[in-house]
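Read the structure below first, then the notes.
The values are calculated or read from the model by the stated rules, or taken from the named source; none is laboratory data. Note that the coordinates shown come from a computational prediction; the quantities given were computed from them, not determined experimentally. Cβ atoms come from the backbone with ideal geometry, glycine included; neighbour counts cover every protein chain shown. When the accessible area is computed, the model is the full protein with side chains, heavy atoms only, and any ligands, DNA or RNA have been set aside. Shrake-Rupley method; radii C 1.70, N 1.55, O 1.52, S 1.80 Å.
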Amino acid sequence: MNKKERKLNSAELKRKEHYDKVCEKMNGLGYNKRDFTVGVFLINILSIFLTIPFVLAMLVLYFISNYDKTQSYSLSYGIMFIILIFLIVLHEAIHGLTFGVFTKNHLKDISFGVVWKALTPYCTCAEPLKRWQYILGAAMPTLILGFVMGFTAIAFNQLWLFLLSEIMIFAGGGDFFIIIKMLLYRPRGKNVLYYDHPYECGFVVFEKSDK
């Protein structure tokens, strides 16, 4: 999905105006811009394939640890669905809280939105970040809601919690794809900043040559 294919809402238009000003400012400081955005539908498909190995590994670990134990507690599908909706919201909130730690105005630099055509919520940060800061902010929801919650479910033999953690690993596939894309990129200089795209899936690199 590119910007021509989706009509931006008022909040996204405001973020676009801010983004244009950031690009202009960084250009004035001698930075070159490189765009690393991906269509939201494509990234949703790729994320499934990227996370399958992790989901299967967690599944094997769960059954190895609990194959001879009975379930001590379970939830109805309705309650699990409500919890899942909460976890999806919490996923984006964790993005925002982590990114906000590294920005000048903290949570004031964080915005949230939804691409309704793809039913995809997102969080975006209004300030350029260092690579490790961006990666940490992108990975944190899946680390907490996917792996930490999954290992907790394995330790206490809670299948309902484990299933939710597996779903949250799938939900973090898009973030995982962005992280891989970022790690594979080799900057041309040491002065490099990463900017979360304000309304598309992906990021923008601002880099200044050492020469």
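Within region 167-184, none of the residues are more than 18 Å from the chain's Cα centre (by Cα), open to solvent by less than 30 Å² (accessible area, probe 1.4 Å) and in contact (Cβ under 8 Å) with a residue 40 or more places away in the chain.
The sole residue among 97, 59, 107 that is in a helix (DSSP H, G or I), closer than 30 Å to residue 25 by Cβ, modelled with pLDDT of 90 or more and over 13 Å from the mean Cα position of the chain (by Cα) is 107.
In summary, helices (runs of 4 or more DSSP H) completely within region 131-211 and bearing 2 or more residues that are of a type in the set (D, E, K, R) occur at 173-184.
For the residues 107, 129, the requirement of being of a type in the set (A, V, I, L, M, F, W, C), more than 19 Å from residue 168 (Cα to Cα), surrounded by 18 or more Cβ atoms within 10 Å (Cβ to Cβ) and in contact with a Gly (Cβ under 8 Å, 6 or more places away or on another chain) singles out 129.
Exactly one of these conditions fails for residue 196: (1) in contact with a Cys (Cβ under 9 Å, 6 or more places away or on another chain); (2) of a type in the set (Asp, Glu); (3) more than 29 Å from residue 28 (Cα to Cα). Give me its number. Of the numbered conditions (1) in contact with a Cys (Cβ under 9 Å, 6 or more places away or on another chain); (2) of a type in the set (Asp, Glu); (3) more than 29 Å from residue 28 (Cα to Cα), the odd one out for residue 196 is (3). Based on this model, can you work out whether residue 144 counts as farther than 25 Å from residue 20 by Cα, surrounded by fewer than 20 Cβ atoms within 10 Å (Cβ to Cβ) and at pLDDT 95 or above? So residue 144 fits the description; yes.
Yes or no, residue by residue, for (1) closer than 30 Å to residue 188 by Cβ; (2) in contact with a Ser or Thr (Cβ under 9 Å, 6 or more places away or on another chain); (3) among the polar types (S, T, N, Q); (4) open to solvent by 70 Å² or more (accessible area, probe 1.4 Å):
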{"position": "11", "(1), (2), (3), (4)": "no, yes, no, no"}
{"position": "27", "(1), (2), (3), (4)": "yes, no, yes, yes"}
{"position": "32", "(1), (2), (3), (4)": "yes, yes, yes, yes"}
{"position": "37", "(1), (2), (3), (4)": "yes, no, yes, no"}
{"position": "42", "(1), (2), (3), (4)": "yes, no, no, yes"}
{"position": "58", "(1), (2), (3), (4)": "no, yes, no, no"}
{"position": "68", "(1), (2), (3), (4)": "no, no, no, yes"}
